[in-house]
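The values are calculated or read from the model by the stated rules, or taken from the named source; none is laboratory data. Since we're looking at a predicted model, the values are computed, not measured. Because the Cβ atoms are built from the backbone with ideal geometry, glycine has one as well, and the counts that use them run over all protein chains shown.
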Amino acid sequence: MSARAAARLRTLGFERVFRYTPGKMDWFASGLPREGTMAGHPRAGDAARRDVPTCQWRERLGDVARRVRAAGWDLCVVVDEEAVVLGLLEAAALDGDPTTVAEDAMRPGPTTFRPHLALEEVTEPLKRKEHVLITTSNGRLVGMLLRADAERHIGEIGKGAHTASR
Amino acid sequence: MATEIRREDVQALTTDGAQLVEVLPRQQYEQEHIAGALSIPLSRLEQEVGRLRRDRAVIVYCYDYQ
């Protein structure tokens, strides 16, 4: 849609036209200021843990496990060079043969959700899982949403703690 | 063709006076938009283009890679 708008503006005589292609989802996912009637409502991207450990698909499990556990985590998101999610290494996988590369031990294609979703929309999948991954529409990792964090944020909505616009 | 830019470019250009325009339907804008952006839905572009200054850069955006 922005491509058509930009093209039309050029034909209407505007010379300096730019497209912010990643759009407002990218902006919101980065926690930058937003406005509007829903601006104060927490989104999946707001509650996601941005510090979830990541590793490259060619890294060895032994190195990954040491780093992940030193950071206090028990799982790791496998990404490519552009931070696109490839898979997930959970606790059992991290305990595997330390010489194995992440690619061979990961659970490929984990379900992901978009950062703009209202937290309530992620409630159902979080009943079945402890956590879900949050990614941009082009698959780049935003963070990991933990069930406990989602429940806490939703509880705060009930108390009116999220009513102010950001 | 319009130049594709990233978030950091948006911040720099708007600091320099660029006009930021959401081209999604008005209802989506009213719910949530980038702070400081104008709403000019694609379907209303011809009618509302007069709101934009031609001597300043224009940045258009929508939801994501659409």
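How about the range B:10-29: which of its residues are over 13 Å from the mean Cα position of the chain (by Cα) and modelled with pLDDT of 95 or more?
Once the filter is applied, which keeps residues that are over 13 Å from the mean Cα position of the chain (by Cα) and modelled with pLDDT of 95 or more, the range B:10-29 yields B:A12, B:T15, B:D16.
Determine, yes or no, whether A:R50 is within 12 Å of A:A105 (Cβ to Cβ) and of a type in the set (D, E, K, R). So that I can check it myself, show each step before the final result.
Values: within 12 Å of A:A105 (Cβ to Cβ): no; of a type in the set (D, E, K, R): yes.
In short, no.
Tell me, which helices (runs of 4 or more DSSP H) lie completely within chain B with 1 or more residues that are at the interface with another protein chain (Cβ under 7 Å from one of its Cβ atoms) and in contact with a Phe, Trp or Tyr (Cβ under 6 Å, 6 or more places away or on another chain)?
B:7-15
Counting only residues that are at the interface with chain B (Cβ under 7 Å from one of its Cβ atoms) and assigned to a loop (DSSP other than H, G, I, E, B), which one in the range A:10-30 is surrounded by the most Cβ atoms within 10 Å (Cβ to Cβ)?
Here the residue is A:P22.
If you check A:T136 against the conditions, is it closer than 23 Å to B:R6 by Cβ and of a type in the set (S, T, Y)?
yes
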